[in-house]
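The values are calculated or read from the model by the stated rules, or taken from the named source; none is laboratory data. Everything quoted here is computed from the prediction, not taken from an experiment. When we count neighbours, we look across all protein chains shown, and the Cβ atoms used for this are built from the backbone with ideal geometry, even at glycine.
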Amino acid sequence: MTNNSLNSVVILGPAYPLRGGIANLNEALCDNLIKSGIKSEVVSFSLQYPSFLFPGTTQYETSVIKHSFKITPLLNSVNPLTWIKAIRYIKNIRPQLVIVRYWLPFMAPCLGYVARKLRKHHIRVIAITDNVIPHENRIGDKALTGYFIGSCDAFIVMSEKVKQDIEKFTKTKPVQFTPHPVYNIFGESVERNTACEELKLNKDKKYILFFGFIRHYKGLDLLIEAMQYVDDSVHLLVAGEFYEDKKPYDDLIHKLQLESRVHIADGYIPKEKVKYYFSAADMVVQPYREATQSGVTQIAYSFNKPMIVTNVGGLPEIVTDGVSGFVTDTRPKSIAKAISDFYDKNLKEKMEAGAASEKNKFGWGKMITRITELFHSLDSKI
């Protein structure tokens, strides 16, 4: 039996009022599926993480946001009774396809169990896998991920590295690569002076931006070290919540006497405030020690901001060196050289134009097409 078209989808994963990049992408995906003519909704979590396992201050958005599609919070990641409830709900909808978001082995029992039961009821399951091998490994990760991968029919990945990681677990299931699409959910840019005024920044200084939650693998310390080699007129704006002890970063800033040049907005940035940080900055820096893909690059593209990324994971697949920014290694002096070249060679206007052009590669149509093609390839085997 085959269907001529994909016309109904359930996305299984976090969504509003849960916060963060995974939720943001799920909401944008649902919206774009609907725009393409595919009936879609999200089945989300009533409890994503027990509070003692969550490193931030809150798991929830502070902004009030209205969506044009249905979000039903059913899953409790540690309560199997809610997994059964979610399965019943999805079975009653009878979607042709369930798209599961997988980003952490902790979620494997919950999401894997639901996926296995749905497949037994002839509902196809495709996973969008953000990470397969976590940035910070723990005992049991491999077994949990193996269980989840065995639960799905096929996979969408947003970097070649994740594709390679999946192939360590399965050689037979289809895996399709499509780049992380550009976010368009944070509004339009504002005038730089307006942004600086909103953030209480000196408009006469130059600002580079580090955006997103802070953990060791994201390399903020490397960027802080790089600042000592950059002209004093360049300031670093850090906007994000610390998911680890902030003190080592404060100590490093003090040691390098950078207190007046590093401005930290410690906390989750509400959606309506994001535009001000990107509008105030000349460029975005992602000095990651390791990476798969990153939603931050796509937020930067949405605001036509050039980027400096390190040559790790899928980041060089997204930023074209010398066009939309720089690809460099992880040494602080290399990062500093890229920052200095950007200003000394007056590349701001050229690279903003490059970012505006490059972002056309990352439209939502490509992801929707990949999902549809992958579904049809599976459906033809029924």
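Kindly indicate which of 115, 108, 195 is in a helix (DSSP H, G or I), under 30 Å from residue 283 (Cα atoms) and among the small types (Gly, Ala, Ser).
Working: 115 fails: under 30 Å from residue 283 (Cα atoms); 108 fails: under 30 Å from residue 283 (Cα atoms).
That would be 195, the only listed residue that is in a helix (DSSP H, G or I), under 30 Å from residue 283 (Cα atoms) and among the small types (Gly, Ala, Ser).
Please work out if residue 264 is surrounded by 20 or more Cβ atoms within 10 Å (Cβ to Cβ) and out of contact with any Asp or Glu (no Cβ under 6 Å at 6 or more places or on another chain). Don't jump to the end; show me each part of the working.
Values: surrounded by 20 or more Cβ atoms within 10 Å (Cβ to Cβ): no; out of contact with any Asp or Glu (no Cβ under 6 Å at 6 or more places or on another chain): yes.
No: the conditions fail for residue 264.
Residues of segment 140-164 being in contact with a helix residue (DSSP H, G or I) (Cβ under 7 Å, 6 or more places away or on another chain) and touching a residue at least 60 places away in the same chain (Cβ under 8 Å), which ones?
153, 154, 156, 159, 160
Just to be sure before I move on: is residue 60 in contact with a strand residue (DSSP E or B) (Cβ under 7 Å, 6 or more places away or on another chain), buried (at least 19 other Cβ atoms within 10 Å of the Cβ), at pLDDT below 95 and of a type in the set (Ser, Thr, Tyr) in the structure I sent? So that I can check it myself, show each step before the final result.
Numbers: in contact with a strand residue (DSSP E or B) (Cβ under 7 Å, 6 or more places away or on another chain): yes; buried (at least 19 other Cβ atoms within 10 Å of the Cβ): no; at pLDDT below 95: yes; of a type in the set (Ser, Thr, Tyr): yes.
For residue 60, the condition - in contact with a strand residue (DSSP E or B) (Cβ under 7 Å, 6 or more places away or on another chain), buried (at least 19 other Cβ atoms within 10 Å of the Cβ), at pLDDT below 95 and of a type in the set (Ser, Thr, Tyr) - is not met.
Which residue pairs have Cβ atoms closer than 8 Å, lie 6 or more positions apart in sequence or on different chains, and pair a first residue in segment 165-194 that is among the acidic types (Asp, Glu) with a second residue that is buried (at least 17 other Cβ atoms within 10 Å of the Cβ) and outside any loop (DSSP other than H, G, I, E, B)?
Final answer for the pair search is 167/175; 188/275; 191/279.
Look at segment 318-339 and say how many of its residues are buried (at least 18 other Cβ atoms within 10 Å of the Cβ) and assigned to a strand (DSSP E or B).
Within segment 318-339, residues that are buried (at least 18 other Cβ atoms within 10 Å of the Cβ) and assigned to a strand (DSSP E or B) number 4.
What number of residues within segment 146-188 satisfy the criterion of being more than 17 Å from the chain's Cα centre (by Cα), buried (at least 17 other Cβ atoms within 10 Å of the Cβ), among the small types (Gly, Ala, Ser) and part of a loop (DSSP other than H, G, I, E, B)?
Counting residues in segment 146-188 that are more than 17 Å from the chain's Cα centre (by Cα), buried (at least 17 other Cβ atoms within 10 Å of the Cβ), among the small types (Gly, Ala, Ser) and part of a loop (DSSP other than H, G, I, E, B) gives 1.
In segment 191-222, what residues are within 19 Å of residue 267 (Cα to Cα) and of a type in the set (A, V, I, L, M, F, W, C)?
If the condition is that a residue be within 19 Å of residue 267 (Cα to Cα) and of a type in the set (A, V, I, L, M, F, W, C), then 195, 196, 199, 201, 208, 209, 210, 211, 213, 214, 220 are the ones that fit.
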